[in-house]
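Trainee: Starting off with a structure, shown below.
The values are calculated or read from the model by the stated rules, or taken from the named source; none is laboratory data. Just so it is clear, the model here is predicted, and its values are computed rather than measured. Because the Cβ atoms are built from the backbone with ideal geometry, glycine has one as well, and the counts that use them run over all protein chains shown.
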Amino acid sequence: MFKTAEVRSMRNVFSSLWTVSLALLLVACTPPTSLYVSESKSWVVENVAGKSTAELYADSIAPAVFERSGSKQIDGYTVESGNLVMPDKSRGSLVTVRSKDGSLTAVVERSGKNGLLVVNSEGEGRFIPYPVQDYSLQDTIVEKEKTKSYESKSKAVTPPYVIDMLIGYSRSAVAAAGGDAQANALAQVESVNLALRNSLVSDVSIRLVGVQVVAQNYPITPEILANLPQIFSAGMQTFDPDMLYGIFSGHPDDSAVGWGYQPGRTAIGLVYGEAFRHEVGHNAGGGHCHESGGSYNYGFNNGKSSTAQCGNGSPYYSTPAVRDQYGLPLGNAATADMARVWRENAERLSSYAPPVVIPAPTEFKKIGSTSSSITFSWKSSSEAVRYEIYKIRPGTPSQTKIGDSTGLVFTANYIAGEWMFFVKAVSSLGMVSKPSNIIVESPN
Ligand SMILES: [Zn+2]
């Protein structure tokens with residue numbers, strides 16, 4: 001569902017492969033609290049599918065005003081985001097992900113109220129407050145991130161940079177997030193995209209390309225961070241992301257609420273809280289609050305407002321180009337300019353995935369069905385001589401090839417229950433494309 005079929009032409013041209021051998025910092029973001037969740041509030045919404053998204057979140061953001069700055073349709077979900085402005089003009093944020101069935105996953109950040117709002121398709125609403133977590137303590141270990149090499153692209157490559165993200169969850173983390181891993185993952189990604197927009201980083205964005213759910217819940221430790229590509233190896237193979245993030249639900253062995261390589265492509269964090277935006281900022285190259293002798297890769301606290309790396313709960317990365325409600329800058333060119341760090345690291349972050357060698361098919365869709373078969377069609381890939389059709393159980397990206405086609409139609413027989421389906425193009429040289437868009441379908 002999250003493999004978009006656009007051709008990443010920026011990856012078609014690359015010069016040479018070089019191995020990543022930078023000394024990377026491993027950053028821990030404070031010890032965990034022993035109890036992550038305070039009590040959540042629950043209620044029931046009548047006729048949830050008939051309600052507007054604004055009606056579903058109104059009580060949770062009051063008295064803030066929502067200033068929507070982004071709205072898009074992504075694989076059947078409506079993803080919207082913007083800042084929340086309190087009566088005292090302090091700013092927070094709201095990210096909403098609305099499913100076709102009416103369910104809502106939303107991340108609310110405003111002074112005095114941070115948490116996850118989930119309303120399921122039955123209208124059962126819950127607000128799960130985020131525990132107060134101090135992200136400002138620092139514990140860094142110099143370590144090399146064991147990544148495969150990434151491509152140094154042609155100097156002619158220009159923005160916008162799109163960074164493909166795979167998010168892996170434990171089953172218990174999905175339950176804690178309200179049950180819809182895709183919706184939660186879209187909300188996490190949008191929380192970063194909102195912060196990038198707010199910080200005037202207009203040519204860098206993150207795109208969710210895949211979600212994988214595993215049965216086991218892992219502790220948030222440097223060891224698990226290092227093993228993350230193995231834990232989510234099926235998703236790594238299927239979706240070829242640039243970045244990988246693991247979300248877990250809390251474990252007695254947790255040594256932090258999040259760990260991330262600085263810089264790098266891999267991070268992990270608790271499902272409760274704003275770890276994602278913060279840890280991904282470490283992957284971009286950011287530290288915490290500025291320390292003497294450092295560079296400009298820090299978060300900022302101007303005495304009234306702070307930004308994402310320096311503490312958390314702020315929909316801004318540090319930048320001297322934006323001011324808070326008091327007219328104070330949210331960064332400093334010498335010490336706190338995470339917007340610059342993002343711009344300077346966007347090419348690296350968007351280049352971890354292998355280059356696209358053949359365009360993926362597009363507009364993959366169901367065009368017919370019986371009680372045990374589904375017929376699909378798709379738009380051709382320019383270099384394809386044949387196509388391979390695959391199925392995956394939702395949440396378990398071990399792909400099963402179910403057939404080949406030289407045309408643009410395929411009927412899958414003996415299908416029972418709900419599956420994710422996609423198609424890949426194969427060139428005359430046997431090169432296989434990335435997946436088309438992924439759809440979830442079942443027979444009649
Ligand atoms: Zn941190």
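Trainee: Go through segment 108-122 and give me each residue that's surrounded by 20 or more Cβ atoms within 10 Å (Cβ to Cβ) and touching a Phe, Trp or Tyr at 6+ places or on another chain (Cβ under 9 Å).
Mentor: Of everything in segment 108-122, those that are surrounded by 20 or more Cβ atoms within 10 Å (Cβ to Cβ) and touching a Phe, Trp or Tyr at 6+ places or on another chain (Cβ under 9 Å) turn out to be V108, E109, N114, G115, L116, L117, V118, V119.
Trainee: Still on this model: Looking at segment 122-143 only, could you name the residues that are modelled with pLDDT under 70 and assigned to a loop (DSSP other than H, G, I, E, B)?
Mentor: D134, Y135, S136, L137, Q138
Trainee: Count, please, the residues in segment 362-380 that happen to be buried (at least 21 other Cβ atoms within 10 Å of the Cβ), under 19 Å from F239 (Cβ atoms) and in contact (Cβ under 8 Å) with a residue 60 or more places away in the chain.
Mentor: The qualifying residues number 1.
Trainee: Can you pull out the residues in segment 195-220 that are surrounded by fewer than 24 Cβ atoms within 10 Å (Cβ to Cβ) and assigned to a helix (DSSP H, G or I)?
Mentor: Selection gives R197 alone.
Trainee: What is the number of the single condition among (1) touching a residue at least 24 places away in the same chain (Cβ under 8 Å); (2) of a type in the set (K, R); (3) over 30 Å from S314 (Cα atoms) that R340 does not meet?
Mentor: Going through (1) touching a residue at least 24 places away in the same chain (Cβ under 8 Å); (2) of a type in the set (K, R); (3) over 30 Å from S314 (Cα atoms) one by one, R340 breaks only (3).
Trainee: Select from segment 76-101 the residues that are closer than 25 Å to N47 by Cβ and surrounded by 17 or more Cβ atoms within 10 Å (Cβ to Cβ) and list them in ascending order.
Mentor: Hits for segment 76-101 are Y77, V79, E80, L94, V95, T96, V97, R98, S99.
Trainee: Output the residues belonging to segment 240-266 that are more than 11 Å from the ligand (Cβ to nearest atom) and among the hydrophobic types (A, V, I, L, M, F, W, C).
Mentor: Those that are more than 11 Å from the ligand (Cβ to nearest atom) and among the hydrophobic types (A, V, I, L, M, F, W, C): M243, L244, I247, F248.
Trainee: If only one of N301, N297 is surrounded by fewer than 24 Cβ atoms within 10 Å (Cβ to Cβ) and out of contact with any Lys or Arg (no Cβ under 7 Å at 6 or more places or on another chain), which one is it?
Mentor: Details: N297 fails: surrounded by fewer than 24 Cβ atoms within 10 Å (Cβ to Cβ).
One residue alone meets the criteria, N301.
Trainee: Can you pull out the residues in segment 267-294 that are more than 12 Å from the ligand (Cβ to nearest atom) and surrounded by fewer than 24 Cβ atoms within 10 Å (Cβ to Cβ)?
Mentor: G285, H290, E291, S292, G293, G294
Trainee: Follow-up. So which pairs qualify, if the first residue must be in segment 398-420 and in a loop (DSSP other than H, G, I, E, B), the second must be acidic (D, E), the Cβ gap must be under 9 Å, and the two must be at least 6 apart or on different chains?
Mentor: Every condition considered, the pairs that remain are I415/E441; E418/E441.
One line per residue, one yes/no per condition, for (1) among the aliphatic types (A, V, I, L, M); (2) free of Cβ contacts under 8 Å to residues at least 40 places away in the same chain; (3) not in a helix (DSSP H, G or I):
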site	(1), (2), (3)
E344	no, no, no
E347	no, no, no
A360	yes, no, yes
S382	no, yes, yes
Y387	no, yes, yes
Y390	no, no, yes
